[in-house]
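First the structure, in the form of structure tokens, and then the observations on it.
The values are calculated or read from the model by the stated rules, or taken from the named source; none is laboratory data. In this text the structure is predicted, and so the values were computed from the model without any measurement. Reconstructed Cβ throughout: ideal geometry from the backbone, glycine too, with neighbour counts over all protein chains shown. Surface accessibility is based on the protein's heavy atoms, side chains included, excluding ligands, DNA and RNA. Shrake-Rupley method; radii C 1.70, N 1.55, O 1.52, S 1.80 Å.
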Amino acid sequence: MSENVAVIGVGHSKFGVRMDVNIPELCWESMKPAFETANLEPKDIDFFVVGNAGVWSSEAAVPALIAEYADLAPKGSMRVEAACASGSAAIRIGYTAIKSGIADIVLVLGVEKMRESPNPNVIELIGRFGSYFWEFENFGLTFPAYYALHGTAYMMKYGATEEDYARVAVKNHYYGAKNPYAQFQNEIDVETVMKSPYIAWPFKLFDCSPITDGSACVILASEEKVKELGIDEKIWILGQGAGTGSANMSRRESYTSLASATYAAEQAYKMAGIDIDDPTKYLDGANVHDCFTAPEIIAYEDLRFCKRGEGYKLIREEQTYIGGKIPVNIDGGLKAKGHPIGATGVSQAVEAYKQLLQKAEPGRQADINKGRWLTHNVGGTGHYTYVTIYGLEKR
């Protein structure tokens, strides 16, 4: 029988503009606490995976750089890129390495140092995660514009407003202000969002996630190793789904849903034994990919937290705050915590660990009574999606 896989150690750097450190130093900020929480040393790692897009930063050979800095050599490694879903893709590799039996303990690191390039360069490089020659070169589509297509389609079809999108930013800043690792630790109101300059209608400055430096780290272990090490504090990976979308947006059937996300969610729910028609009954909370405000609302529907066309009602009625139907992005999300591309999916896993073990900071700890947490990590505009279910009890 294939091994169950647990998260036994986690670490998280401060997200933001990190000109104070180089890439290995930024990595070590999250690796050190991960080793400490797992009570392990670098020599104990069988294999390590680094989620890193890295096209905007100086160093390309990040796994080798980290192996040298953290004394992981000559252990095997892999660098993984799946646009903004690189972190979850790295977790996928570590998870499958343990499931297959070729490793017992795997370190998964997500890192990005995006601020090493000027903003216009970063925006162009992110644009290459779409269909570059057709959409970026011909029409100048960058990611605010890509997601604005979805945001406007959703408004036209279901009647959501710019104020509804603003409410997502308000919620995520409210919780980001309580997260010491977040890039933005200031609360805002709807008026602040509405008064900010337009980037790509209907998105204004405060509807958009920032350009971020940061790292996050998890250590995964097989069930056998968990028993051997006597690990008390851990969470289990109960299921993970992965989906892929078309590169060219004109090939998409809908702009009010991401097909790769609905596919990945169905896989993850089935694997975790969760009723696909009523998943919120099984979940204490979720982290979803809010690179902009509208995609968070669309994620509510793709993940079946509500019916189609009712996602904006969840945020309007504050049902995704703590105490609501399902708390979402109570670490600040990408919007306020920050979005260092390769680190985001791993950061979500760190949050699942902290929430389920009730280690989140005061004011942003969800009520844990079902023992399961969901993460939803999207690369591009649904080019890749990973949905992962974590739990206190193994299946």
For this session: Give me the Kirkwood hydrodynamic radius of the chain, using the inverse of the mean 1/r over all pairs of distinct Cα atoms, in Å to one decimal.
Result: 20.5
Seminar exercise, completed: By accessible area (1.4 Å), largest first, 233, 124, 187 order as 187, 233, 124
Problem set entry | Cα-based radius of gyration of segment 174-257 once divided by 2.2 N^0.38 Å, which approximates compact folds | 1.72
Exercise. How big is Rg to Rh over segment 282-388, alpha-carbon atoms, Rh as the Kirkwood inverse-mean-distance radius?
Worked result: 0.93
Seminar exercise, completed: Distance in Å, no decimals, from the C-alpha centre of segment 244-320 to the one of segment 36-73 is 32
Exercise. Counting other Cβ atoms within 10 Å of each Cβ, which trypsin sites (Lys or Arg not before Pro) in segment 193-267 have at most 11 and sit in a DSSP loop?
Worked result: none
For this session: Report the net charge of residues surrounding residue 193, where surrounding means a beta-carbon distance below 10 angstrom and charges are Lys +1, Arg +1, Asp -1, Glu -1.
Result: -2
Exercise. By its C-alpha gyration tensor, with a ≥ b ≥ c as the square roots of the eigenvalues, how is segment 109-176 shaped: rounded for a/c under 1.5, else prolate for a/b larger than b/c, else oblate?
Worked result: oblate
Seminar exercise, completed: Per-residue accessible area, 1.4 Å probe, largest first, puts 297, 276 in the order 276, 297
Exercise. Going by the alpha-carbon gyration tensor, a ≥ b ≥ c the square roots of its eigenvalues, is segment 258-329 rounded (a/c under 1.5) or, if a/c is not under 1.5, prolate (a/b greater than b/c) versus oblate?
Worked result: oblate
Seminar exercise, completed: Non-local residues with an amide H under 5 Å from the amide H of residue 199, with H modelled 1.01 Å from N and Pro and chain starts lacking one, are 204, 205
Problem set entry | Hydrodynamic radius (Kirkwood) for segment 203-339, which is based on Cα pairs only, to one decimal in Å | 16.9
Seminar exercise, completed: Given pairs 337/359; 270/354; 14/313 and cut-off 22 Å on Cα-Cα distance, the over-length ones are 270/354; 14/313
For this session: At most 16 other Cβ atoms within 10 Å and a DSSP loop assignment: could you name the trypsin sites (Lys or Arg not before Pro) in segment 110-140 that fit?
Result: 128
Seminar exercise, completed: Shape descriptor, segment 1-60: equivalent ellipsoid semi-axes (Cα gyration tensor, sqrt 5λ, whole Å, largest first) stand at 25, 15, 11
For this session: Taking the Cα atoms of segment 1-128, report the difference between the largest and smallest coordinate on each principal axis, in whole Å and largest first.
Result: 50, 28, 24
For this session: Express the carbon and sulfur contribution to the solvent-accessible surface of segment 1-142 as a percent, rounded to the nearest whole number, probe 1.4 angstrom.
Result: 54
Exercise. Given a 1.4 Å probe, how much area per residue of segment 182-326 is accessible, in Å²?
Worked result: 41
For this session: Order 170, 111, most accessible first, counting only protein heavy atoms with a 1.4 angstrom probe.
Result: 170, 111
Exercise. Which of the GluC sites (Glu not before Pro) across segment 16-78 are loop residues per DSSP, with 16 or fewer other Cβ within 10 Å?
Worked result: 59
Exercise. Taking the inverse of the average 1/r across all pairs of different Cα atoms in segment 113-234, what Kirkwood radius in Å do you get?
Worked result: 17.5
